[in-house]
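To start, the structure itself, in structure tokens.
The values are calculated or read from the model by the stated rules, or taken from the named source; none is laboratory data. Just so it is clear, the model here is predicted, and its values are computed rather than measured. No Cβ is skipped: glycine too gets one built from the backbone with ideal geometry, and neighbour counts run over all protein chains shown. Accessible surface is based on the protein model in full, side chains and every heavy atom, while ligands, DNA and RNA are left aside. Shrake-Rupley method; radii C 1.70, N 1.55, O 1.52, S 1.80 Å.
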Amino acid sequence: MTTGLRATLLRAGRRLLSSLPALFGVLVFTFLLMRVLPGDPAVFFASGPNAGKEEIEQIRKQMGLNRPVPEQLVFYLSDIGHGNLGRSMMTGQPVLKDLRERLPASLELTFTALLIALIAAVPLGVLAALRPGSIVDHGVRLFCALGVCVPTFVSGLLLIYVFYYLLGLAPDPTGRIDVFTSLPPQRTGFLSIDFLLAGDVEGWWAACKQLILPAVSMALFVIAPLARITRASMLVSLGSDFVRTARSVGLSWHKVVVTYALRNAILPVITIAGIVFSTMLGANVLVEKVFSWPGVASYALDALLSSDYAPVQGFVLLMASLFVLVNLVVDICYGIADPRVSIE
Amino acid sequence: MRFVSFRPATSVLAATALLLIATAPSQAQTRAETLRYVTGSAVNTLDPNIPGSTRESFALSMSTYDRLVAFGRKQLNGKWVFDLDTITGELAESYDVSPDGLKLTFRLRKDAKFQDGSPVTAEDVKWSLDRCVTAPILGKAQLLTGSLTSADQFKVIDPLTIEVTLPKPDKLALPNLATVYPMIINSKVAKSHAAADDPWATAWLKEHTAGSGAYVVETFKPGEQVILKRDEAWNRGSANKPAFFKRVIVQSVPEPATRANLVERGDADLVVDLQASDVQSLEAKGKLKVVSTPQYNAITYVSMNNQMPPFDNVNVRRAIAYALPYDDMFKAALFGRGAPLFGATWPDGKPLNGIYPFQQPVKLDLDKAREYLKAAGLPEGFSTTFSFNVGQSSTAEPMAALVKESLGKIGIKVDIQKLPDAQMSTQINEKKLPFYTEGIVAWLPSTDYFYRNFYTGNQRWNYSSINNPDLAAIAQEARFEPDKAKYEEAGRKLNAMHADLMPQIMLWQPNQDAVMAASVEGYTYEFHRQVDYRDVSRK
């Protein structure tokens, strides 16, 4: 077991090291991309009633845009090396601070959504695979199609309309917590955890209520790929030799389906879940907008629209790093689900 | 004397009442005394002078800082709007303008205190005004429009008196001091946070306040929300009382539909910047109070680049002016919510007055448009692009489609171009767009100010890139014209030139639709197009 663990750690380390050049590439590429995009951020930010040439020049200087591009790149890389991602013109805060404050919000939302999606998708996929072609299978297919064809902002607005506007069950869809609730001392940045740590059950429930609608509208969108993959790999697994053998030796239904079939079928689901997670983190911008969720995706979109370079670059770097990390976690999960994978 | 015996009883009563109030459910209490204001954009700095600051930041600074003077308010068609012509004292108890108009003397209120308890002195005023004209901040360009350019112009006479000297009698000097930027800062506090490379403490003031305003910043989350607490000692409001609301929550909710839901459900008290369609349906339901005020200091234009063919030909511009389907555009873009600036009739072909903006004597008349095109030597028409920015697409998109359709009828082929906001501003700044729609706002809407800023020079706000020496000269002269009749005459001349040269086409002044709970009172349309929290109260 210890050798297995060591092998996993070694592999993880190697993976991290080998992803560094990729991260560097992403860094340089985004930097250049932002400069190639049309639109001068200095002009945009100097849009006050009396902003003239002087103001524009001043902002340009402040953003470091008055220097030649290669020089800007060198400065930028050295800043990154010192852990400085620059300053956002939109919020006026250092980008690192903005991202640090907003990332937990996005992560909490995405984790919850992924959890909801997995809890719904895996049983649905298994059910569909157990009776392929039956009413249940068609039902699952219909549900998945509906989920995936309704864009998240539509389902989000619909959920708000029904549960907040019509029924009044959900709290008002603005941000992570009711404005009148006092926040717990920040430990993890995840409100649902921080409230529990502070022993504030009422606050915890308030935070959870606020989380449900956006998480559900995001989950609806990703149930389809997860359920379809579960179904497909379950079908393969159920039709394979070892399941037939397990059945023939008279093992219980539960043991056959869960221990033999599902455990083997779960590998592709983990892969997809990893990919789904990374895409969700960036793609939930519409949900964040609709629910005024103070997350990183809506932050990056606002920055992009106003050509605010530093936050966009910071966001892309963050996403790239997260992607590397998620891939790593997926790899480790592989090793746990199927020990053969760790053998190289 | 008779009442003495009752005193113990009353005090017991009072104490009981106090106890009752203290133990009563505090939630309901704070809710009634709290104003929750939701808006689309966000407060991004506590000092509105920082380049890039948003409108929300402007509004916030009006409540956290005082200025020497403030605009009064007046009724316009039954709605309260700010009044450019009435300047009242805010920190100044009174002010004098010397007969030659070159000296403004302000006497400060004796009881005015900063939020840290120290008195507001003439030294603080001087430091703040010096900062405004010296530091590399937005106030500099604004105060320039009122001939306030150098620190030498501000002189401390005694601890409560400050004198402002002007090189010329400038009508806009005094109103400029009532705008967002020249706020009065607690100079001792600010100086203690200044640095060698930042003598005006711009970095610190961005995230902290040191003012004497009606509200103290309790929490500030840039991009999300700001919570304000009432300064109980502040007495510059109406009837020398503190502001009404104990707390103000300024919250960013980017989705306009959600903002509409919030105010309709009663979770938000006050919202501006809703979609016209939402406002209409909320108004129809009749549960909420909707105050729609034409933004009388804002104008939406169709601009043509007067330096670029074929728009350098005045007859082409006139043709366009007669080919726009004004009524349809007004309905499609704004649901008719605003003040139209088209379709006037000028009895003897002369402007009715010297006020800008004015209703232009143009309407949809395709035959006339064809004639002008022929006169321009382009009877077959031409091809061009019509641009607008993404941020305005909800109003500009339907408008652009109508422009394309209508111009198509006289042979002008229009390609619609939707540009990201930063790209659009860059292209406007570089004068690269031939034909587009944009809007402007002027804090100090006087005729000469409009013409000087939007029709002269090679700067960005001269959308039509018009370069007419006569027009520029009249506008420049009018600036310092003390005689009211002569000023009016100059205005008429400018308006007549506008109608003739047609450098760009004024369309309308969109409404500011403020939707609020029925119990909210006192909303006033302010020059910065946001809510001044000090104006409002709850019944």
Listing of strands (runs of 3 or more DSSP E) fully contained in segment B:82-186 that carry 3 or more residues being touching a helix residue (DSSP H, G or I) at 6+ places or on another chain (Cβ under 8 Å) and open to solvent by 20 Å² or more (accessible area, probe 1.4 Å): B:154-158
If I go through segment B:128-185 residue by residue, how many of them are touching an Asp or Glu at 6+ places or on another chain (Cβ under 6 Å) and within 13 Å of another protein chain (Cβ to nearest Cβ)? 1
Qualifying residue in segment B:476-485 (condition: assigned to a helix (DSSP H, G or I) and open to solvent by less than 40 Å² (accessible area, probe 1.4 Å)): yes
Residue tally, condition open to solvent by less than 40 Å² (accessible area, probe 1.4 Å) and over 28 Å from the mean Cα position of the chain (by Cα), over segment B:325-347: 2
Of everything in segment A:65-103, what is more than 14 Å from A:Ala310 (Cβ to Cβ) and acidic (Asp, Glu)? Give them in sequence order. A:Glu71, A:Glu101
Given (1) open to solvent by less than 20 Å² (accessible area, probe 1.4 Å); (2) away from chain B (no Cβ under 14 Å); (3) of a type in the set (D, E, K, R); (4) farther than 30 Å from A:Ala232 by Cβ, identify the lone condition not met by A:Asp137. (4)
For segment B:199-208, how many residues meet the condition of being in contact with a Ser or Thr (Cβ under 9 Å, 6 or more places away or on another chain), open to solvent by less than 40 Å² (accessible area, probe 1.4 Å) and within 14 Å of chain A (Cβ to nearest Cβ)? 2
Top-ranked residue of segment B:117-158 - restricted to ones that are aliphatic (A, V, I, L, M) and within 16 Å of B:Ala178 (Cα to Cα), ranked as farthest from the chain's Cα centre (by Cα): B:Val125
Which of the residues belonging to segment B:229-281 are under 17 Å from B:Val536 (Cα atoms), open to solvent by less than 40 Å² (accessible area, probe 1.4 Å) and in a helix (DSSP H, G or I)? B:Val263
Any idea which of A:Thr230, A:Thr245, A:Thr271 is touching a Leu at 6+ places or on another chain (Cβ under 8 Å) and either open to solvent by 40 Å² or more (accessible area, probe 1.4 Å) or not acidic (Asp, Glu) (or both)? A:Thr230
Looking across segment B:412-431 at residues that are surrounded by fewer than 21 Cβ atoms within 10 Å (Cβ to Cβ) and in contact (Cβ under 8 Å) with a residue 40 or more places away in the chain, the single one that is nearest to the other protein chains (Cβ to nearest Cβ) is B:Gln427
Got a number for residues in segment B:50-81 being in contact with a helix residue (DSSP H, G or I) (Cβ under 9 Å, 6 or more places away or on another chain) and modelled with pLDDT under 90? 4
Starting from segment A:290-309, keep only residues that are more than 7 Å from every other protein chain (Cβ to nearest Cβ) and among the acidic types (Asp, Glu), then list their pairs with residues that are in a helix (DSSP H, G or I) and open to solvent by less than 10 Å² (accessible area, probe 1.4 Å) whose Cβ atoms are within a distance under 9 Å, requiring at least 6 positions of separation or different chains. A:Asp302/A:Pro311; A:Asp308/A:Pro41; A:Asp308/B:Ala422
Of the candidates A:Ser292, A:Ser298, the one satisfying the condition of being surrounded by 16 or more Cβ atoms within 10 Å (Cβ to Cβ), at positive phi and of a type in the set (Ser, Thr, Tyr) is A:Ser292
Looking at (1) out of contact with any Lys or Arg (no Cβ under 7 Å at 6 or more places or on another chain); (2) of a type outside the set (D, E, K, R); (3) under 30 Å from B:Leu444 (Cβ atoms), can you tell me which one A:His82 breaks? (3)
Out of A:Arg131, A:Arg35, which single residue is within 14 Å of chain B (Cβ to nearest Cβ), farther than 30 Å from B:His528 by Cβ and surrounded by fewer than 14 Cβ atoms within 10 Å (Cβ to Cβ)? A:Arg35
The one condition B:Tyr296 fails out of (1) open to solvent by 40 Å² or more (accessible area, probe 1.4 Å); (2) away from chain A (no Cβ under 12 Å); (3) free of Cβ contacts under 8 Å to residues at least 24 places away in the same chain is (3)
Just to check your reading of the model, which residue among A:Leu196, A:Leu211 is assigned to a helix (DSSP H, G or I) and either within 12 Å of another protein chain (Cβ to nearest Cβ) or buried (at least 20 other Cβ atoms within 10 Å of the Cβ) (or both)? A:Leu211
Among (1) surrounded by 19 or more Cβ atoms within 10 Å (Cβ to Cβ); (2) touching a residue at least 40 places away in the same chain (Cβ under 8 Å); (3) within 14 Å of chain A (Cβ to nearest Cβ), where does B:Asp448 come up short? (3)
Name the residue, out of A:Pro123, A:Pro104, A:Pro41, that is open to solvent by 20 Å² or more (accessible area, probe 1.4 Å) and not acidic (Asp, Glu). A:Pro123
Residue that is in contact with a Lys or Arg (Cβ under 9 Å, 6 or more places away or on another chain), farther than 30 Å from B:Ala284 by Cβ and either part of a helix (DSSP H, G or I) or of a type outside the set (Val, Ile, Thr) (or both), where the choices are B:Asp448, B:Asp513: B:Asp448
Of the residues in segment A:55-101, how many are assigned to a helix (DSSP H, G or I), under 12 Å from A:Ala42 (Cα atoms) and more than 7 Å from chain B (Cβ to nearest Cβ)? 5
